[in-house]
Amino acid sequence: MDNLDRKTHWDAIYQKKNPNEVSWYQPTPTTSLDFVKQFDVPKNAKIIDIGGGDSLFVDHLLDLGYQDVTVLDISASSLDKAKQRLGERAAKVKWIVADAATFKPTEKYDFWHDRAAFHFLTQEQEIEHYLRAVQQGIKPAGVLVIGAFSERGPSKCSGIDIRQYSEVSMAERLKSFFEKIRCITVDHRTPFNTIQNFVFCSFRKLQLF
């Protein structure tokens with residue numbers, strides 16, 4: 001699926017469905033917030049949420065007092081819904097409409113969060129571009145958290161093929177620039193009462209001299 005088709009696909013989903021009508025909906029993104037707590041991320045840290053859409057992760061970050069949050073998604077419709085939900089607080093967030101497969105960061109972040117965007121990149125060229133962006137867009141000693149469908153998870157999402165990961169395969173993709181800190185598997189219960197198994201891994205950027 002090329003960039004234009006992917007954008008059209010996701011815009012259509014967000015225009016047609018309410019937040020609790022999509023499988024990835026989480027009232028409280030507990031796993032993601034636990035990683036923020038684990039790393040004791042400072043309130044002035046630069047945080048980016050890749051593929052955040054109208055996820056409630058940004059709401060919780062603002063509630064916790066985080067002051068420099070960026071949300072990126074390919075769908076402008078998803079970000080518009082998030083802005084409407086946040087009201088005046090939306091002005092406290094930086095919003096980027098971009099495809100994770102071609103994103104070129106112009107800032108460097110302390111904490112890069114990606115729940116369920118990375119696994120949609122199935123072409124090697126897309127994956128390599130994304131990993132270069134991650135390497136370039138994270139500060140020295142910065143933290144990366146990626147959550148993707150595990151090898152026990154779905155092979156498709158919203159009608160699109162995804163790439164499944166294990167702790168080993170995810171760490172292998174990132175070992176050139178990142179040190180693996182911790183991986184966990186998590187069962188996400190969807191609004192339709194089905195279970196999706198994720199692998200979440202955290203990494204610290206290597207200090208290369």
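The values are calculated or read from the model by the stated rules, or taken from the named source; none is laboratory data. All of these numbers come straight from a predicted model, not from anything done at the bench. As a convention, Cβ positions derive from the backbone with ideal geometry for all residues, glycine included, and neighbour counts pool all protein chains shown.
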Does at least one position in region 177-186 carry a residue that is in contact with a Ser or Thr (Cβ under 6 Å, 6 or more places away or on another chain) and of a type in the set (D, E, K, R)? yes
For residues in region 160-175 being outside any strand (DSSP E or B) and in contact (Cβ under 8 Å) with a residue 40 or more places away in the chain, which is farthest from Pro140 (Cα to Cα)? Ile162
Those residues of region 45-56 which are over 18 Å from Ile138 (Cβ atoms) and either in contact with a His (Cβ under 7 Å, 6 or more places away or on another chain) or buried (at least 21 other Cβ atoms within 10 Å of the Cβ) (or both), in sequence order: Gly53, Asp54, Ser55
Flag for Phe177 being among the aromatic types (Phe, Trp, Tyr), in contact with a strand residue (DSSP E or B) (Cβ under 9 Å, 6 or more places away or on another chain) and modelled with pLDDT of 95 or more: no
Only one of (1) over 19 Å from Val186 (Cα atoms); (2) without any contact (Cβ under 8 Å) to a residue 60 or more places away in the chain does not apply to His9, and that is (2)
Taking the stated definitions as given, is Gln84 within 24 Å of Leu62 (Cα to Cα) and exposed (fewer than 14 other Cβ atoms within 10 Å of the Cβ)? yes
Subset of region 146-158 [touching a residue at least 60 places away in the same chain (Cβ under 8 Å) and either crowded, with 22+ Cβ neighbours inside 10 Å or small (Gly, Ala, Ser) (or both)]: Gly147, Ser158
Within region 74-81, is there a residue that is touching a residue at least 12 places away in the same chain (Cβ under 8 Å), of a type in the set (S, T, N, Q) and loosely packed, with under 14 Cβ neighbours inside 10 Å? no
Report, by residue number, each residue of region 1-46 that is more than 20 Å from Arg85 (Cα to Cα), outside any helix (DSSP H, G or I) and among the aliphatic types (A, V, I, L, M). Met1, Val41, Ala45
